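Student: Dropping the structure in here first, questions after.
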Amino acid sequence: MYAIVANGFADGPAEALRDYLVARDAEVVTIFHPLTPEHGKRHVVTRYRNGRRLDERSIGLPVRPPLSFAFDPLVPLLPPRVDTWFGFNPLACARGLLAHRLGRARSVVLWSVDFVPDRFGASTIPTKIYDRLDRLCCIRADARIELSEAARDARNLRHALGEATAPTYVVPMGAWLERVPKSPSDGFIGRRVVFLGHLVPRQGMDVLLDALAIVKNSGGDVSADVIGTGPLEQHLRQRSAGLGLDETVRFHGFVTDHRDVERLLAESAIAVAPYRPGEGTFTSYADPGKLKAYLAAGLPVLLTDVPPNAQALAQEAGAELVAYDPQAIATAIMEGLSSPQRWRERRGAALAYVTRFDWEVLLADLLEKLQLPAR
């Protein structure tokens, strides 16, 4: 029996692990806490057995994130009795370590989905508490998983871990390659740009809107889908309208079912990830899941040189690195749709590159290394 404890409800390692284990008839309990204020106040506990969902209960708290984070370890009050507890952040892992002390978890795994220097500000009390808890989990857990070498090395350095750490494995973001629909070989005809992500400043959506306005004003026949929500959503909707993009850009908000996200990606021609450069952004250490979703759909990708795998994507996956500049992005969009042959070459490179990130393979390899059988 496994416990999977995480914040957030978007597709990612926690959801992938759940699907993998449930498909193999493992008994699984998931505890999903809200990550952002947009996720509301619902904390959801779900049980799975024999490949199907047994029951689900929603526990409402009076506060939203980030205030609710302090209460996450109390939901549910009695932790489930499991063989392995997967905690996808330090609080979730610490709850697992306590469950281990109480004899309710045989082993505990810390699965870090990001690394943020000075998460709550430099030298603040919340940051110091977070760092101490993170370091404790890195040492006390039975195993530790990072999304990238950059995140692993940065966390080791920040916490001065040296050899005082649990066995550590790097498992990048993956994709369900058998499940994900692919863009057709003539997908460029739709001339549709897609953006997937949390609408916050570091994602660069404001620059993308400016770029789309340049494309429109130059006579380019391009439309765009924006998938995701966040604190900037209303501002970006207003900015889009102010730029005259009402007929160009569709805001979908938060899409609950990731299969609907995958369908929208497969209907697109070019995917954009204009991360804002800047010291301290956790994207510099991350393996953004949306990039794997883009590639799995066979989309040529435009991105700034911020994620640690940006250069590899440009060299091997048909991606193009662009400056964090509206004109540069607009030019790359128009040129990316100007040659059907080049578009097909980039599509083929994306599909070939992403085969190494099949969740089926990644998770099977990880469980074998952890010696934690799915049954």
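Student: For the chain, what is the charge dipole size about the Cα centre, in debye to the nearest 20, if Lys and Arg each add +1 at the Cβ and Asp and Glu each add -1 at the Cβ?
Tutor: Working: 45 positive and 44 negative charges, 250 e Å.
Charge dipole of the chain: 1200 debye, to the nearest 20.
Student: Sticking with this structure for a sec: Evaluate the relative contact order of the chain (contact order divided by residue number), counting alpha-carbon pairs under 8 angstrom at least 6 apart; express in whole percent. Before the final figure, lay out each step's value.
Tutor: On the way: 741 pairs, mean separation 53.9, N = 375.
Relative contact order here is 14 percent.
Student: I'd like the distance between the alpha-carbon centres of the stretch 97-152 and the stretch 297-330, rounded to an integer number of Å.
Tutor: When both Cα centres are located, 31 Å separates them.
Student: Moving on to the next point. Using +1 at the C-beta of Lys and Arg and -1 at the C-beta of Asp and Glu, which of Tyr2, Ile214, Ala310 has the Cα lying farthest in the positive direction of the dipole of the chain?
Tutor: Ranked along the dipole, the leading option is Tyr2.
Student: So, one more: Apply the a/c threshold of 1.5 to the C-alpha gyration tensor of the stretch 203-244 and tell me whether it is rounded, prolate or oblate. It would help to have the intermediate numbers written out before the result.
Tutor: Values: a/c = 2.23, a/b = 1.84, b/c = 1.21.
It is prolate, given that a/c is not under 1.5 and a/b is the larger ratio.
Student: Please report, in debye to the nearest 20, how large the charge dipole of the stretch 63-161 is about its Cα centre when each Lys and Arg carries +1 at its beta carbon and each Asp and Glu carries -1 there. Please list the in-between numbers first.
Tutor: Values: 15 positive and 10 negative charges, 78 e Å.
That gives a dipole near 380 debye.
Student: Tilt of helix 340-354 relative to the longest C-alpha principal axis of the chain, in degrees (0 to 90, nearest 10)?
Tutor: Value to nearest ten degrees: 10.
Student: Report the residue, chosen from Asp260, Asp114, Asp305, that carries the largest GNM mean-square fluctuation when the chain is represented by alpha-carbon nodes joined by springs under 10 Å.
Tutor: The residue with the greatest mean-square fluctuation here is Asp260.
Student: Would you mind putting 158-167, 39-48 in packing order, based on average other-beta-carbon counts within 10 Å, highest first? Write down the numbers at each step before the final one.
Tutor: Numbers: 158-167: 12.9, 39-48: 17.5.
Per-residue Cβ counts within 10 Å, averaged per peptide and sorted highest first, yield 39-48, 158-167.
Student: Run the helix sum for the chain: -39,500 (n - 2.57) per DSSP H stretch of 4+ residues, divided by residue count, reported at 222 nm to the nearest 500 deg cm²/dmol.
Tutor: Details: 12 runs with 134 residues, N = 375.
After summing the helix terms and dividing by the residues of the chain, the value is -11000 deg cm²/dmol.
Student: In whole Å, how far is the Cα centre of the stretch 59-91 from that of the stretch 1-41?
Tutor: 12
Student: So what is the relative contact order for the stretch 5-50, in percent, with contacts set as C-alpha pairs under 8 Å and at least six apart?
Tutor: So the answer I get is 41 percent.
Student: With a 1.4 Å probe and all protein chains left in place, how much accessible area per residue does the chain have, in Å²? Numbers along the way, then the final one.
Tutor: On the way: 16530 Å² over 375 residues.
Per-residue value: 44 Å².
Student: Using modelled amide H (1.01 Å from N, peptide plane; none on Pro or chain starts), what sits under 5 Å from the amide H of Thr304, excluding residues fewer than 5 places away?
Tutor: Sorted by chain and number, the residues that satisfy this are Ala273, Tyr275, Val322.
Student: Next up: Using a 4.7 Å cut-off between beta carbons, which cysteines in the chain end up with no partner cysteine at all?
Tutor: Cys138
Student: Now a separate question. In degrees between 0 and 90, to the nearest 10, how far off the longest principal axis of the chain does helix 149-158 point, with axes built from Cα atoms?
Tutor: Orientation of helix 149-158: about 50 degrees from the principal axis.
Student: Then there is this: If the only charges are +1 at each Lys and Arg Cβ and -1 at each Asp and Glu Cβ, what is the size of the charge dipole of the stretch 298-368 around the Cα centre, to the nearest 20 debye?
Tutor: Values: 5 positive and 10 negative charges, 69 e Å.
In total the dipole reaches around 340 debye.
Student: How large a share of the accessible area of the chain, in percent, is made up of carbon and sulfur atoms when the probe is 1.4 Å and the other protein chains stay in place? Mind showing how you got there, number by number?
Tutor: Working: 8570 of 16530 Å².
C and S fraction of accessible area: 52 percent.
Student: Could I ask something else about it? Roughly what % of DSSP beta bridges within the chain run antiparallel, to the nearest 5?
Tutor: Numbers: 13 of 51 bridges.
Restricted to the chain, the bridges split so that about 25 percent are antiparallel.
Student: Sequence-distant or interchain residues sharing an amide H contact under 5 Å with His43, placed H: which?
Tutor: Sorted by chain and number, the residues that satisfy this are Ile59, Gly60, Leu61.
Student: What does the C-alpha gyration tensor say about the overall shape of the stretch 239-353? Classify as rounded when a/c is under 1.5, otherwise prolate if a/b is larger than b/c, or oblate. Don't skip to the end; give the middle numbers.
Tutor: Values: a/c = 1.18, a/b = 1.09, b/c = 1.09.
Rounded shape, in that the Cα axes give a/c under 1.5.
Student: Tilt of helix 359-370 relative to the longest C-alpha principal axis of the chain, in degrees (0 to 90, nearest 10)?
Tutor: It works out to around 30 degrees.
Student: Applying the Karplus parametrisation 6.51 cos²θ - 1.76 cosθ + 1.60 with θ = phi - 60° to the phi angles of the stretch 183-188, what ³J(HN,Hα) value in whole Hz is obtained for each residue in order, glycine and proline being reported as x?
Tutor: Along the stretch 183-188, the couplings run 5, x, 5, 10, x, 5 Hz.
The values are calculated or read from the model by the stated rules, or taken from the named source; none is laboratory data. These numbers were taken from a predicted model, which means no experiment stands behind them. Quick reminder, even Gly has a Cβ in these numbers, built from the backbone with ideal geometry, and neighbours come from all protein chains shown. These accessible areas exclude ligands, DNA and RNA; they are computed on the full protein's heavy atoms, side chains included. Shrake-Rupley method; radii C 1.70, N 1.55, O 1.52, S 1.80 Å.
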